[in-house]
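A.B. asks: Attaching a single structure in structure tokens format; questions to follow.
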Amino acid sequence: MNSLADRHLRGVSLIEALVAMAIMAFGMLAIVGVQSTLRLNNETARQRSEAVRLAQQAAEDDRSFVEVTAPVAGTPNYSSIVNQAQTINPGAFQTLAGLALPALNSSASYQVTTTITETGLAANSEAPRMKAVMVQADWNDRTWKAGDPPSNSVMLYTTIARIAPAIAGSLGIAADVGVDGVATIPMRPGGRNAIIPSPAVDFGDGTSGYVPPGGGGNGDGAAWLFNNKSGLITICTTVVASNNLLNSSNQLSCAGGATAYLLTGTVDFAKVVDGLAATAGDAINPSGPPFAVQVGFSSTFPAGANAICYTTAPVLAVVAFVSYVDYACAVPVSSISNPAMVWSGYSYVTGVTVTWNAGGYSVCRYTLPTQVADALVTSGAITNGQHPRTYYRVGRGLSNQNFLIVPVVSGTATDCPSGAPLPANVKTYPQPAALQASAPA
């Protein structure tokens, strides 16, 4: 007969053990379910990260164009930004631009689709010329079933402006509206008017000094003192030979100097290949060999004004992409004229035989259409900022007033390149009519 103490030493019954095991089994099932969910979520997150990376890569492939047009076959350019689609598998693959990338760390395949919408194509459109880019990356995870739409997708949006990458980094803050109704040249960071040439030395007193090419101690002694805010020039003299030797306004002699505004730009040179006329691509990206030219300016207002122009020498070194010369003109204005502090006149290129006949050269401008066909004097049919044949009462400096020199092949005005890829609403303007037959050779 067992004692009372023995009764308290009995083991766990079979039923109790089974109940405990059942409870533990339910707990383990819950843990396994959590782990499975975490693994699925982790895989989905990794696939989504890959999809975002691939979409970003496709967008950057489009953004990495180096020319507005493609003067050399195969060069990435703005016109090559088009609708595209590519299937990317987990193994080794290539980007849309053909660049090799490492294999994916994913079990999924991706369909990357780029959709382009371009604005600013219509004639006289006020919309900016740019392309809206939508990149969509689709993929299927392990829950996908045949016949179903893609189970996952990401979409990225960006815009790409039709601006040459070389100048896309320009920064500025808009200033006041000028006399001709067009916003004045914006201010650069640092407070200087953007019309002021980069080599000009900031004296720290609200002015900057500049020795134009051919001026200073090694030339005719000319120097210009800019007002940093307005861009207005005071004509001075100096014995200093170059801008890198300027360090103080005391080096300039400006007493009684005339006031002027700057007119500046480049003279570009189109190329002719195998006797064929230059193309529209040559007009946008001119790459012909440069040669010595000069730019002059004939003032028509204020009366008696005498503009002074300087032109850099062409770079004749073996550098194929150097195909222009710079010019800068100080165009006088007067505080007592009516209206005051404005200028009118026309610029022209000399040093070439401007004949519009075979063996000569055409001098071209490109701008929006005029409302008065080929008018020599116009009060606003073409805005002053668009390089018209004749400037009319301009109350500021103007930059990017560029010319294009084209060797004449067929002997007609159409030797100024036209057509695609030039915008449909541009118009070619030749050398001012008064100088077409009389420009010095």
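A.B. asks: If each of Ser13 and Ile163 carries a label point 7 Å out from its Cα toward its Cβ, how far apart are those two points in nm?
C.D. replies: 8.6 nm
A.B. asks: Next question. So if each residue of separation counts as 0.36 nm, and I subtract the Cα-Cα distance between Met28 and Ser242, what length gain in nm does that give?
C.D. replies: Value of the extension gain: 68.6 nm.
A.B. asks: Once fully extended, how much extra length lies between Ser49 and Asn400, figured as 0.36 nm per residue of separation less the alpha-carbon to alpha-carbon distance? All intermediate terms of the calculation are to be shown ahead of the outcome.
C.D. replies: Values: separation 351, 0.36 × 351 = 126.36 nm, distance 4.46 nm.
Result for the pair: 121.9 nm of gain on full extension.
A.B. asks: Measure off 7 Å from each Cα along the Cα-to-Cβ vector at Val66 and Val272, then give the distance between these two points in nanometres to one decimal.
C.D. replies: 2.9 nm
A.B. asks: Additional query: Length gain on complete extension for the stretch Asn42 to Ala340, per 0.36 nm per residue less the alpha carbon to alpha carbon distance? Walk me through the numbers on the way to the answer.
C.D. replies: Values: separation 298, 0.36 × 298 = 107.28 nm, distance 7.23 nm.
So the extension gain works out to 100.0 nm.
A.B. asks: Roughly what would the spin-label model give for Ala258 and Asp220, points 7 Å off Cα along C-beta, in nm?
C.D. replies: Calculated label separation equals 1.0 nm.
A.B. asks: What ranking, highest mean first, results for peptides 250-261, 231-242 when packing means the other Cβ atoms within 10 Å averaged over each residue? Can you show the working numbers first?
C.D. replies: Values: 250-261: 15.8, 231-242: 18.9.
Order by mean packing, descending: 231-242, 250-261.
A.B. asks: Follow-up. So what's the net charge close to Arg129: Lys and Arg +1, Asp and Glu -1, counting the other residues with Cβ under 10 Å from its Cβ?
C.D. replies: Numbers: positive: Lys131, Arg162; negative: Glu118.
Summing Lys and Arg as +1 and Asp and Glu as -1 gives +1.
A.B. asks: Using the Karplus curve 6.51 cos²θ - 1.76 cosθ + 1.60 with θ = phi - 60°, what ³J(HN,Hα) values do you get for each residue of the range 386-393, in whole Hz, with x for Gly and Pro?
C.D. replies: 9, 6, x, 4, 10, 7, 10, 6
A.B. asks: Something else about it: Can you tally the net charge around Trp139? Count Lys and Arg as +1, Asp and Glu as -1, for every other residue whose Cβ sits under 10 Å from the Cβ of Trp139.
C.D. replies: On the way: positive: Arg48; negative: Glu50, Asp138, Asp141.
Residues close to Trp139 contribute a combined charge of -2.
A.B. asks: Which ³J(HN,Hα) values, rounded to whole Hz and listed in residue order, are derived for the range 353-365 from phi using the Karplus coefficients 6.51, -1.76 and 1.60 in 6.51 cos²θ - 1.76 cosθ + 1.60 with θ = phi - 60°, glycine and proline given as x?
C.D. replies: 8, 8, 10, 6, 10, 3, x, x, 9, 9, 10, 10, 10
The numbers here are math on the coordinates, done by the rules we state, and not lab data. Fair warning: this is a prediction, and the values are worked out from it, not measured in the lab. Counting neighbours? That spans all protein chains shown, and the Cβs are built from the backbone with ideal geometry, glycine included.
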